[in-house]
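Enquirer: One structure is given below, represented as structure tokens, and several questions about it will come after.
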Amino acid sequence: MPQTTPSTPGDLLAVLIDADNVSPSRIGAVLAEIAQYGTASVKRVYGDWTSNQLAKWKVAASEHVIQPMQQFANTTGKNATDSALIIDAMDLLYTERFRGFCIVSSDSDFTRLASRIREDGVTVYGFGERKTPEAFRNACDQFTYLEVLEAPAQPDAVAEDAAPAPRQERLPAAKLKQDARLVGLLRSSVEAAADDEGWAGLGAVGQLARKQQPDFDSRNWGYAKLSDLVKTIGLFTVEVQPVGVRLRNKKTAK
């Protein structure tokens with residue numbers, strides 16, 4: 001599994017979904033991912049349920065026990081839905097019950113909401129497509145692209161929706177080394193987490209990388225585990241220890 005922000009199964013999470021912006025065929029994979037971070041005690045999906053466009057969402061919401069929240073489209077566009085989600089998020093935040101909020105949308109309109117929730121020391125997990133604006137991605141503590149999540153089997157009524165994009169192909173070492181942003185992020189994270197001999201624990205490296213770049217995820221390059229990514233890229237000396245994996249930059253190794 002990818003490196004994730006530390007959490008416990010008992011952490012209560014609020015999951016808020018923008019139905020206008022997310023395909024129902026993706027939600028099973030999203031909820032499976034969220035289960036790693038805590039317990040989704042509140043699951044709500046927002047949209048105009050009188051619209052035929054959300055017919056397949058009705059099936060998905062029922063299957064995954066997600067509460068549909070009605071918001072009539074009183075004006076052109078989806079601002080009404082966004083506003084309803086934001087208002088509910090703030091109401092839930094004020095209860096001080098939740099350790100994390102999961103915002104499922106590719107819409108930049110939720111950038112300020114994510115920032116505001118984090119101001120209260122509450123973790124924000126974002127989920128959206130690769131087209132999600134950088135501002136919203138960076139406003140979250142952790143952002144996961146929907147394209148890297150493996151969708152579980154869905155009922156036919158839901159599966160008829162647009163099929164999720166193919167999973168990211170595993171990139172070879174040569175391609176990984178050409179990704180200057182990835183190389184720089186990994187090297188700086190290793191250096192920041194390193195001890196006096198230059199060794200850094202893999203978990204600490206993953207956490208530092210995520211803090212610098214919320215959408216950092218080894219699956220973005222086709223690797224299910226961060227350890228596989230750092231081994232393949234070939235820029236680090238990697239050792240498996242009884243207490244876990246450690247690594248250091250090869251240029252500093254003796």
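Enquirer: By counting other Cβ atoms within 10 Å of each Cβ, how are LYS250, LYS177 ranked from fewest to most?
Expert: If I rank by nearby Cβ atoms, fewest first, I get LYS250, LYS177.
Enquirer: Same structure again: If you rank MET69, MET90 by fewest surrounding Cβ atoms within 10 Å, what's the result?
Expert: By the 10 Å Cβ count, ascending, the order reads MET90, MET69.
Enquirer: For a quick check: sort ASP215, ASP196, ASP20, ASP228 by the number of other beta carbons within 10 angstrom, fewest at the front.
Expert: ASP196, ASP228, ASP215, ASP20
Enquirer: What is the range 12-159 by shape, rounded, prolate or oblate, if you read a ≥ b ≥ c off the alpha carbon gyration tensor as root eigenvalues and call it rounded for a/c under 1.5, prolate for a/b larger than b/c, and oblate otherwise?
Expert: Since a/c stays below 1.5, the shape of the range 12-159 is classed as rounded.
Enquirer: What does a probe at ALA173 reach in the range 199-237, counting residues whose amide N is under 14 Å from the point 7 Å along Cα→Cβ?
Expert: 228-237
Since every read-out is calculated from the coordinates, none of them should be taken as a lab result. What you are looking at is a predicted structure, and each value in this text was computed from that prediction instead of being measured. Quick reminder, even Gly has a Cβ in these numbers, built from the backbone with ideal geometry, and neighbours come from all protein chains shown.
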